[in-house]
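Structure, as C-alpha cells:
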C-alpha cells in the first residue's frame with residue numbers, strides 16, 4: 001500500500017507568479033484610470049460652460065432680449081474684468097430691459113470648489129459673451145472666440161476648448177483640433 005497522500009494547493013513559486021501578474025495588471029489599470037478620470041473631469045468642466053452658453057443663447061432668442069455670460073468672483077452676482085473664467089461665471093439678463101438691474105439666470109461655482117485647479121481662459125480678453133435676440137454672438141473676435149481649459153499637469157491630451165462663432169454656433173474641441181477657424185491650444 002502506498003502511504004502517500006496527494007496534496008492540493010499552491011506552491012510558493014505559483015503564488016509569487018500570481019501576485020506578480022496581478023501587480024502588472026494593476027499597474028496598467030491605474031494609469032488608464034487616471035487618464036479616464038482626468039479626461040472626464042476636463043470634459044465635464046468645458047461642457048458646463050457649453051451648456052450655460054447654449055442656455056444664454058436660448059434665453060436671448062426666447063425672451064427677445066440680449067443675454068450675456070461673463071466671469072465672476074466665487075458666488076458673485078456681477079461680472080469681473082478678467083480673462084480667467086476658472087472662478088466661475090454667471091448668465092445675466094439684459095439690464096436695460098429689467099429697469100437697469102440685470103437678473104442672474106444661472107451661476108457656475110469656481111472649479112476649485114470641485115477639487116480641481118484647472119484654468120479656463122478666454123482668448124478675447126475680459127469682454128463678456130453676449131447673445132442678441134436673434135441668437136448671434138455680439139462683439140466677439142472674428143471668426144470666433146475661444147475658451148481654453150488646461151489641466152494643471154500641462155498634459156496636452158487633457159486640454160479642451162470651446163469656440164463661440166459670431167453666428168452663435170458653439171463647438172468644443174480637443175488639443176490641436178481646428179474648429180470655427182480656431183485651433184485649440
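Brief remarks on what is shown
- The residues 171, 93, 142, when put in order of fewest to most other Cβ atoms within 10 Å, stand as 142, 171, 93.
- Förster radius 30 Å - calculated FRET efficiency between residue 138 and residue 34 (Cβ-Cβ, nearest 0.05): 0.15
- What the Kirkwood sum gives for the chain is a hydrodynamic radius of 19.0 Å, with every pair of different alpha carbons counted.
- Considering only 16, 26, 146, the Gaussian network model of the chain with Cα springs below 10 Å gives its largest mean-square fluctuation to 16.
- Neighbour counts of other Cβ atoms within 10 Å put 11, 18 in the fewest-to-most order 11, 18.
- If R0 equals 41 Å, the separation of the Cβ atoms of residue 166 and residue 24 corresponds to a calculated FRET efficiency of about 0.20.
- Contour excess over end-to-end distance, with Cα ends at residue 83 and residue 55 and 0.36 nm allotted per residue: 8.0 nm
- Going by neighbour counts of Cβ atoms within 10 Å, the residues 163, 21 line up, fewest first, as 21, 163.
- The angle between the Cα long axis of helix 12-63 and the main principal axis of the chain comes to about 10°, on a 0 to 90 degree scale.
- Residue of 80, 172, 37 that the Gaussian network model of the chain assigns the largest fluctuation, springs spanning Cα pairs under 10 Å: 37
- Within a Gaussian network of the chain (alpha carbon springs, distance under 10 Å), most fluctuating of 14, 59, 45: 14
Values in this text are rule-based calculations from the coordinates and carry no lab data. On a predicted model such as this, the values are computed, not experimentally measured, just so you know. Every residue, glycine among them, receives a Cβ derived from its backbone with ideal geometry; neighbour counts consider all protein chains shown.
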